[in-house]
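The values are calculated or read from the model by the stated rules, or taken from the named source; none is laboratory data. Here the structure is a predicted model, which is why all the values come from computation and not from measurement. So basically every Cβ, Gly included, is an ideal-geometry build from the backbone, and we count neighbours across all protein chains shown. We work out accessible area using only protein heavy atoms, side chains counted, and drop any ligands, DNA or RNA first. Shrake-Rupley method; radii C 1.70, N 1.55, O 1.52, S 1.80 Å.
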Amino acid sequence: MGVFTYESEASTVIPPARLFKALFVDAAEVMPKALPQAIKSIVTLEGDGGPGTIKQTYFGDGSLSFKERTDAIDKDNLSYAYTVFEGDALANTYEKIFNESKIEASPDGGSVCKTSTTYYTVGNVDAKADEIKDGQEKQMGLFKAIEAYLLANPDA
């Protein structure tokens, strides 16, 4: 099994607590509204949102999906960790994908979201750099869409 880790960072004018809530606490409500063409729904299969919670995300037309497990959530320190462990997002290349994010305040009153993503490949499958780059770009697109949604919907 190969293991590859990538770090990313994104800044926004959205305050830290509001961004954390939209990205991780209320994701099932916010993400389909912010990205209706990409995310049809997010369904909690088991758990209460804390560690061990299993969610299934359905893409655009609902024909593709993936399952993720919440590994840790710290609402006081604005950190969240989850593992994608099943579904189309793994594309027979990855055994799992582990994501860990922390949101920090920026000097201008906004936020900086720091994310570490670790890809675990199946057997000796070689992860393709362009696939990982594509995944990172999608993750940044998701972040920007949620930022735009929150700016357009101040009560969300």
(message) I'm trying to understand the selection: among the residues of segment 45-72, which are open to solvent by 50 Å² or more (accessible area, probe 1.4 Å) and out of contact with any Ser or Thr (no Cβ under 9 Å at 6 or more places or on another chain)?
(response) Asp48, Asp61, Ser63, Leu64
(message) Out of the residues in segment 86-95 meeting the condition of being in a strand (DSSP E or B) and open to solvent by 70 Å² or more (accessible area, probe 1.4 Å), tell me which one is farthest from Thr44 (Cα to Cα).
(response) Glu95
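Filtering segment 113-143 down to residues that are among the aromatic types (Phe, Trp, Tyr) and in a strand (DSSP E or B), which residue is nearest to Leu23 (Cα to Cα)?
Applying the first criterion (among the aromatic types (Phe, Trp, Tyr)) to segment 113-143 yields 119-120, 143.
After this cut, where a residue has to be in a strand (DSSP E or B) as well, the list is 119-120.
Numbers: Tyr119: 21, Tyr120: 23 Å.
Filtering segment 113-143 for residues that are among the aromatic types (Phe, Trp, Tyr) and in a strand (DSSP E or B), the one nearest to Leu23 (Cα to Cα) comes out as Tyr119.
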(message) Take the conditions among the aromatic types (Phe, Trp, Tyr), touching a Phe, Trp or Tyr at 6+ places or on another chain (Cβ under 7 Å), open to solvent by less than 20 Å² (accessible area, probe 1.4 Å) and more than 29 Å from Val13 (Cα to Cα) and apply them to Tyr119. Does it pass?
(response) yes
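Restricting to segment 9-29, name every residue that is in a helix (DSSP H, G or I) and not hydrophobic (A, V, I, L, M, F, W, C).
Within segment 9-29, Pro16, Arg18, Lys21, Glu29 qualify.
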(request) Quick one: which residue in Ser41, Ser101, Ser63 is in a loop (DSSP other than H, G, I, E, B) and of a type in the set (Ser, Thr, Tyr)? (result) Ser63
(request) Quick one: which residue in Pro51, Pro32 is part of a loop (DSSP other than H, G, I, E, B) and either under 16 Å from the mean Cα position of the chain (by Cα) or of a type in the set (Gly, Ala, Ser) (or both)? (result) Pro51
(message) Given the criteria more than 27 Å from Gly52 (Cβ to Cβ), without any contact (Cβ under 8 Å) to a residue 40 or more places away in the chain and open to solvent by 40 Å² or more (accessible area, probe 1.4 Å), does Asp108 qualify?
(response) no
(request) Any chance you could count how many residues in segment 59-72 are modelled with pLDDT of 95 or more and either farther than 23 Å from Thr118 by Cβ or aliphatic (A, V, I, L, M) (or both)? (result) 1
(request) Select from segment 73-85 the residues that are assigned to a strand (DSSP E or B) and either open to solvent by less than 30 Å² (accessible area, probe 1.4 Å) or within 13 Å of Thr117 (Cβ to Cβ) (or both) and list them in ascending order. (result) Tyr80, Ala81, Tyr82, Thr83, Val84
